[in-house]
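Visitor: Before we start, here is the structure in question, set down as structure tokens.
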Amino acid sequence: MMKKKKSDSEAFEALVSSFHEKKFDPVYLFYGEEDLLIDEAIESLIDHAVEESARSFNLDILYGNEVDARNVISYASSFPMMADRRVVVVREFDKLSNGDALLPYIERPSPSTVLVLISDKPDFRQKLFKTLKERARVVEFGQLYENAIPQWIARRVDKQGKKITPEACQMMLAHVGRSLREVQNEIDKLFIFVEGKPTIDEDDVNSVVGHSKQYNIFELQKFIGQKNLSRSVEILERMLGAGDSAVGVVVMLTKYFQKLWLLKELRTAGSSEFDLATKLHVPQFFLREYLAGTDNYSAAQLEDCFAALLEADEALKSSNGSEKLVMTLLLFRCLHSSKISLST
């Protein structure tokens with residue numbers, strides 16, 4: 001068996017490349033701190049190993065605290081139905097009871113099954129993990145070195161269809177840190193923020209995660225969706241004090257309320273959360289916040305918010321009154337549906 005233990009993004013790319021080529025080992029052991037890469041490696045493996053139409057028969061996701069070794073062997077030893085192979089994923093493998101009972105299977109695995117074991121911190125002094133190291137493909141997903149993170153960010157942004165400046169990559173590292181899952185979350189936010197803009201720069205990063213992760217447009221949207229006036233006003237004042245454009249905030253809030261409006265229509269059709277996130281063009285981890293917003297705003301209230309946003313935009317562009325006053329009145333009107341004028 002081919003063994004691999006690397007802790008950089010190149011190991012991840014090599015692994016995913018083998019899946020694209022439909023080269024699969026019978027048994028894998030994935031472990032390490034970067035759970036984002038582990039999840040994406042599993043997603044890639046499933047995409048290329050089992051046709052979507054056959055997954056209900058040939059894909060099993062198990063949890064070590066819910067099954068024992070005999071269950072795993074039973075699933076892994078089953079023949080695929082109407083397909084070339086089946087995939088069995090065991091998460092929280094460390095919690096599997098009677099793990100040593102897997103040893104005979106690991107030494108003679110089914111050629112038509114891809115078994116993926118996900119461990120938190122494997123102890124390679126134990127017989128089970130020692131055997132896996134000898135007989136399976138072992139891949140460590142360790143935390144990237146700090147100097148590798150900017151390159152990783154640039155590749156991820158490029159893969160999602162945009163460019164990012166080297167300075168913006170460095171700024172993201174400084175503000176977000178080395179957790180790739182957190183970095184990816186911020187990249188997803190940036191794509192929403194810049195929308196049609198082809199290149200992400202320092203100003204964009206600063207607007208989304210710069211002065212504070214607690215005081216940006218996405219946090220403002222979240223508390224507006226919750227109708228939390230005090231937190232919304234606090235975040236707005238911090239944003240304006242840090243130099244955020246009031247007109248830019250109005251633009252982003254208009255897009256936010258447009259998504260709430262669309263989501264109200266889509267929910268009546270009974271779409272799944274995955275379909276809703278896809279149609280709204282938002283990451284799934286954002287969807288619950290949007291769903292909460294649709295629960296808190298009726299169609300009539302959303303219409304009034306659109307009218308308030310239009311008035312605020314006109315007032316800001318005509319320099320009719322202070323930015324802070326116009327924006328604060330906007331929040332009052334959206335969150336309380338009051339008919340207060342924004343042009344005075």
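Visitor: Expressed as a rounded percentage, what relative contact order does the stretch 9-140 have, with Cα pairs under 8 Å and six or more residues apart? Show your work: numbers first, answer last.
Guide: Working: 218 pairs, mean separation 44.1, N = 132.
Relative contact order for the stretch 9-140 comes out at 33 percent.
Visitor: P(r) for the stretch 9-140: what percent of alpha-carbon pairs falls in each 5 Å bin, starting at zero?
Guide: Computed distribution, short to long bins: 2, 11, 22, 25, 22, 13, 4, 0, 0.
Visitor: Based on the Kirkwood radius over alpha-carbon pairs, what is the Stokes-Einstein translational diffusion coefficient of the stretch 122-169 at 25 °C with 0.890 mPa s viscosity, in µm²/s? Present the calculation step by step, with values, prior to reporting the outcome.
Guide: Details: Rh = 13.5 Å.
Here the translational diffusion coefficient equals 181 µm²/s.
Visitor: Would you tally the net charge around Arg178, using a Cβ to Cβ cut-off of less than 12 Å, leaving Arg178 out, and scoring K and R as +1, D and E as -1?
Guide: On the way: positive: Arg181; negative: Glu33, Glu34, Glu146, Glu182.
Here the count lands on -3.
Visitor: In the calculated pair distance distribution of the stretch 20-68, what percentage of Cα-Cα distances lie above 15 Å?
Guide: Numbers: 679 of 1176 pairs.
Within the stretch 20-68, distances greater than 15 Å cover 58 percent of Cα pairs.
Visitor: Okay, which of the stretch 246-266 sit inside 19 Å, backbone N to the point 7 Å along the Cα-Cβ direction of Gln226?
Guide: Counting backbone N atoms under 19 Å from the label point, the list is 253, 256-257, 260.
Visitor: So for each of 231-241, 52-62 I average, over its residues, the number of other beta carbons within 10 Å; can you give me the resulting order with the highest mean first?
Guide: Going from most to least packed, we get 231-241, 52-62.
Visitor: Considering the stretch 145-210, what Rg and Dmax in Å follow from its alpha-carbon atoms?
Guide: Rg, Dmax (Cα atoms, Å): 10.2, 32.
Visitor: Let me ask something additional. Of the listed peptides 83-92, 244-253, 145-154, what is their order by residue-averaged count of other C-beta atoms within 10 Å, with the highest listed first? If you can, show how the numbers build up before the last one.
Guide: Working: 83-92: 20.3, 244-253: 18.7, 145-154: 15.9.
Per-residue mean Cβ counts within 10 Å order the peptides as 83-92, 244-253, 145-154.
Visitor: For q values of 0.19 Å⁻¹, compute log₁₀ I(q)/I(0) with the Debye formula on a Cα-only model of the stretch 215-344, without solvent.
Guide: Computed log10 I(q)/I(0) values: -1.03.
Visitor: What are the ³J(HN,Hα) values, in whole Hz, obtained from phi via the Karplus relation 6.51 cos²θ - 1.76 cosθ + 1.60 with θ = phi - 60°, for each residue of the stretch 244-258 in sequence order, with x given for Gly and Pro?
Guide: For the stretch 244-258, the Karplus curve yields 5, 6, 5, 4, x, 5, 4, 4, 5, 5, 4, 5, 4, 5, 5 Hz.
Visitor: Turning to a different aspect of this structure: Which of Pro104, Ser56, Pro26 sits farthest toward the positive end of the charge dipole of the stretch 2-107, with +1 on the Cβ of Lys and Arg and -1 on the Cβ of Asp and Glu?
Guide: The listed residue farthest towards the positive side: Pro104.
Visitor: Under 5 Å between amide hydrogens, which residues at least 5 positions from Gly32 or on another chain qualify, with H placed 1.01 Å from N in the peptide plane?
Guide: Sorted by chain and number, the residues that satisfy this are Phe141.
Visitor: Also, I was wondering about something else. On the principal axes of its Cα set, how long, how wide and how thick is the chain? Give whole Å, largest value first.
Guide: Rounded to whole Å, the extents work out to 79, 45, 33 Å.
Visitor: In whole Hz, what ³J(HN,Hα) sequence does the stretch 22-27 give by Karplus (6.51, -1.76, 1.60; θ = phi - 60°), x for Gly and Pro?
Guide: 3J(HN,Hα) across the stretch 22-27, in whole Hz: 6, 9, 10, 8, x, 9.
Visitor: When the chain is treated as a GNM, springs tying every alpha-carbon pair under 10 Å, which of Arg108, Arg137, Arg288 comes out with the largest mean-square fluctuation?
Guide: Of Arg108, Arg137, Arg288, the most mobile in the Gaussian network model is Arg108.
Visitor: Please work out the C-alpha center-to-center distance from the stretch 95-114 to the stretch 238-283 and express it in whole Å.
Guide: Going from one Cα centre to the other spans 46 Å.
Visitor: With θ set to phi - 60°, apply the Karplus curve 6.51 cos²θ - 1.76 cosθ + 1.60 along the stretch 36-47 and write out the HN-Hα couplings as whole Hz, x wherever there is a Gly or Pro.
Guide: These are the phi-based 3J(HN,Hα) values: 4, 5, 4, 4, 6, 5, 5, 4, 5, 4, 4, 4 Hz.
FYI, it's all coordinate maths here, none of it is from the lab. Predicted model only: the values in this text are computed from it and were never measured. So basically every Cβ, Gly included, is an ideal-geometry build from the backbone, and we count neighbours across all protein chains shown.
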